[in-house]
């Protein structure tokens, strides 16, 4: 602080620090790592913030003796444009459900992450045997339940290692949750030892989520995105199989000639007709995260009209930014959202209870899943028009 000796007015230019940005496309990876390395770095059950792939190798070491997919998943995330993730090494015992729940509890208060990946749910899958969905579904359902109770997170789940669509459909039937999506099939990659291997796709898909968020925004359906770092898909799905699985809410990965391997779907695992699309659900989750951060700073403020005006102004400004980026539907902001915080939402009895109530309404934009173009041949020539 400058010390002034002569009385008077002094002009000082102060540049305030920027407000922290609410990042999206930041996953938490849960899985098993090399026990000796984990013990040496004391990272068992402690979320580790990673911004580069070599940091994983340093803190978590080579693949564990029992095998696993944590390393390839994290590498796939960074290969596909991810810039920040958190990794939690689980206790490597004989109770995978309890170990997973402990890992989820370790990140319960981590508000920096909005995605969850657990590739080692699939550990022990034998490519020579038809998998039993009953083995994996309880662990994946536990992740979906945690996303619901924690709030603000979306699970990227892996289908079982199989070429049989009926097995995948059986697995899908055992899962339900608004905050998650299922991806099939597995990817063929070069593993950490330089050998060909098949791995669950969640890490690579999480990178595609992050890349899409950075380029367009959280509302953009994380589909038709190229998967980098993969040699092929384990099962080449024909259009009929894709249609059948997609109708059940299974998102497929496809190797398209001349276009590479792409994510071909953005459906959630929700049974609620209001939440079929990944993009729409993630917009709602992101708005919830932002509101929680903003509203936390208003606790214990005087509950009067000045507070209501401040809330209305700040929330409307944030939603207007979402509208400008295309996350909300409507020709104008007033058609895309509303914010109401006034004497009607805060009558005397509400204020006496120490509450301030704000109503927020959103018109979420839906993705163009089915692009239809009609070519009309007439006497005056050929014209192209969109379908009605």
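The values are calculated or read from the model by the stated rules, or taken from the named source; none is laboratory data. All values reported here derive from a predicted model rather than from experimental measurement. Cβ coordinates were reconstructed from backbone atoms using ideal geometry, including for glycine residues, and neighbour counts include every protein chain displayed.
Determine whether residue 130 is modelled with pLDDT under 95 and within 17 Å of residue 41 (Cβ to Cβ). Spell out the reasoning first.
On the way: modelled with pLDDT under 95: yes; within 17 Å of residue 41 (Cβ to Cβ): no.
So residue 130 does not fit the description; no.
How many residues does segment 281-304 contain that are over 16 Å from residue 147 (Cα atoms) and either in a loop (DSSP other than H, G, I, E, B) or modelled with pLDDT of 95 or more (or both)?
The total comes to 8.
Does segment 206-215 contain at least one residue that is under 21 Å from residue 367 (Cβ atoms), in contact (Cβ under 8 Å) with a residue 24 or more places away in the chain, touching a strand residue (DSSP E or B) at 6+ places or on another chain (Cβ under 6 Å) and in a helix (DSSP H, G or I)? Full working, then the answer.
In the first step, residues of segment 206-215 are kept if they are under 21 Å from residue 367 (Cβ atoms); the result is 206-215.
If we keep only those that are in contact (Cβ under 8 Å) with a residue 24 or more places away in the chain too, we end up with 206-214.
Okay, now just the ones that are also touching a strand residue (DSSP E or B) at 6+ places or on another chain (Cβ under 6 Å), so 206, 208.
Going one step further and asking which of them are in a helix (DSSP H, G or I), we end up with 206, 208.
So far as segment 206-215 goes, yes, one or more of its residues are under 21 Å from residue 367 (Cβ atoms), in contact (Cβ under 8 Å) with a residue 24 or more places away in the chain, touching a strand residue (DSSP E or B) at 6+ places or on another chain (Cβ under 6 Å) and in a helix (DSSP H, G or I).
Across segment 226-240, which residue is surrounded by the most Cβ atoms within 10 Å (Cβ to Cβ) among those that are more than 11 Å from residue 187 (Cα to Cα) and touching a strand residue (DSSP E or B) at 6+ places or on another chain (Cβ under 8 Å)? Walk me through it before giving the result.
Narrowing segment 226-240 to residues more than 11 Å from residue 187 (Cα to Cα): 226, 237-240.
Now restrict to residues that are touching a strand residue (DSSP E or B) at 6+ places or on another chain (Cβ under 8 Å): 226, 237.
Values: 226: 15, 237: 21.
The extreme case among them is 237.
Take residues that are within 23 Å of residue 209 (Cβ to Cβ) and tell me which of the helices (runs of 4 or more DSSP H) falling wholly in segment 4-114 contain 3 or more. Show your work before the answer.
Working: elements: 35-41, 53-60, 70-79, 96-106.
In segment 4-114, 53-60, 70-79, 96-106 are the helices (runs of 4 or more DSSP H) which contain 3 or more residues that are within 23 Å of residue 209 (Cβ to Cβ).
Here is a list: 320, 236. Which entry is over 18 Å from residue 358 (Cβ atoms) and outside any strand (DSSP E or B)? Quick ask: steps written out before the conclusion?
Numbers: 320 fails: over 18 Å from residue 358 (Cβ atoms).
After ruling out the rest, the residue left standing is 236.
Picking from 57, 39, which residue would you name as being without any contact (Cβ under 8 Å) to a residue 60 or more places away in the chain, farther than 20 Å from residue 147 by Cβ and surrounded by 15 or more Cβ atoms within 10 Å (Cβ to Cβ)?
Working: 39 fails: surrounded by 15 or more Cβ atoms within 10 Å (Cβ to Cβ).
Matching residue, one of 57, 39: 57.
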